[in-house]
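Only the coordinates and a few stated rules stand behind these numbers; no lab work does. Given the structure is predicted, the values throughout are model-derived calculations rather than measurements. Methodologically, a virtual Cβ is constructed for each residue, glycine included, from the backbone with ideal geometry; neighbour enumeration extends over all protein chains shown.
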Amino acid sequence: MSLVSSPAPEPTPNARLVAGQLRPDVILCCGEDKGAFVEALRVVGLPADPAAPDFRGFTAWTFPTLTVVLAPIGTGSVEPILNEILHTAPIQRILLVGTAGALGPRRLPKGAAHAVSEAWLAGTGLDREVVAQPLRPDWPDLPADGPTASIVSSDFYYGFAPARHPGDYRHRLPALRGDFERLSAFVDLVDMEVGQFYALCRLIPERPGLRFLAIKGASNAVENHGEQNAHAPAVLLDCLRQALALLGVKSGAAA
C-alpha cells in the first residue's frame, strides 16, 4: 500500500506564515527599525536571527513559547497581519508593542512604556466603521495599579504635529485638524496602530476569547519627530519586558 503525503501548508500571502510558526501567544510590533527591535529581543533573552528573511516587510521569529512578528507601519499593515495570524492558527493572546509620540497635558516621559487602557481613531480606514470610542483592550489580568496611558491612532504620521507654516498640508484637512486638536487636549500618546489593533481584534476573530493589549511608550514629543530614534531602543526594551511579564515568561525562558 502506498502512502500519500499531505501537501505542504500554503503560506499566507502577505507575511508568508504557516501554522507551525505561530504559538498561542504572539507579540506584534509595527513600524520599528529591525535592528533596534532585534537588539531589544536579544537583551530580554529572545535571540532573534537578524538575518531572518522578511516578505513585504513582515518578519516572524518562532520561539518555544511564543511567536514574535515585526510588521510595517499603519492600518495597511495591521489589517493583513492580524487577518493572517488569527486565521492561520488558534491564537489565545496577542500583545502589540512599539513607540509613540507624546502629547496632551501629562507629556509622559520618553523611554518608558505603558499599557494602553483607552484608544481613539482619527484619520484611519476604520473611522466610519467604529463609532463607539474609546476602544479598550481585553486583558483581564492587567494589574489595576500599573501605569496606563491613553492613545489616539492615525494614518497621518505628521498630522498631530503643529502645522509648520500657513501652506502646510495639515491646514487643508480642517475636519481632521479639528479631531487632532480636540484629542491632543487630553490624550497621552499618538501612534499609527493601537486603535485599529483594538478594533480589529474584536472584528476579525471568528470565535470568542482572544485576549489583546497594546503596550506603547513615548520616543519623542509630537512636535519633534527627529528625536524618536534616540529613545526608541529604551521604549522597545521596556515594552518587551512588560509584555513577557504579562505573558508569564521569565527573561530568556521563551528561547
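Annotation note: GluC sites (Glu not before Pro) in the stretch 156-221 located in DSSP loop regions with a Cβ neighbour count of at most 12 within 10 Å are 206.
Close amide H partners of residue 98, meaning residues 5 or more places away or on another chain with modelled amide H under 5 Å apart, are 215, 217.
A full extension of the chain between residue 245 and residue 87 corresponds to an added length of 54.3 nm, given 0.36 nm per residue minus the alpha carbon distance.
A cut-off of 5 Å between modelled amide H atoms, ignoring neighbours fewer than 5 places along the same chain, links residue 118 with 149, 151.
Hydrodynamic radius of the stretch 101-168 by the Kirkwood approach over all distinct alpha-carbon pairs: 14.2 Å.
Stretched out straight at 0.36 nm per residue, the stretch from residue 225 to residue 202 would grow longer than its current Cα-Cα span by 5.2 nm.
Pairs of C-alpha atoms in the chain farther apart than 23 Å represent 50 percent of all such pairs.
Remark on residue 32: its backbone amide H falls under 5 Å from those of 71, a criterion applied only to residues 5 or more positions apart or on other chains, H modelled at 1.01 Å from N. Compare 131, 152, 235 in a GNM of the chain, Cα atoms joined below 10 Å, and give the one with the largest fluctuation. Largest GNM mean-square fluctuation: 131. Note on the chain: with a GNM built from Cα contacts shorter than 10 Å, the maximum mean-square fluctuation among 35, 125, 111 falls on 35.
Taking label positions 7 Å along the Cα-Cβ direction at both residue 128 and residue 145, the computed distance is 4.7 nm, reported to one decimal.
Given Cα positions, please report Rg to Rh for the stretch 1-145, the hydrodynamic radius being the Kirkwood one.
On the way: Rg = 17.7 Å, Rh = 17.4 Å.
Value, to two decimals: 1.01.
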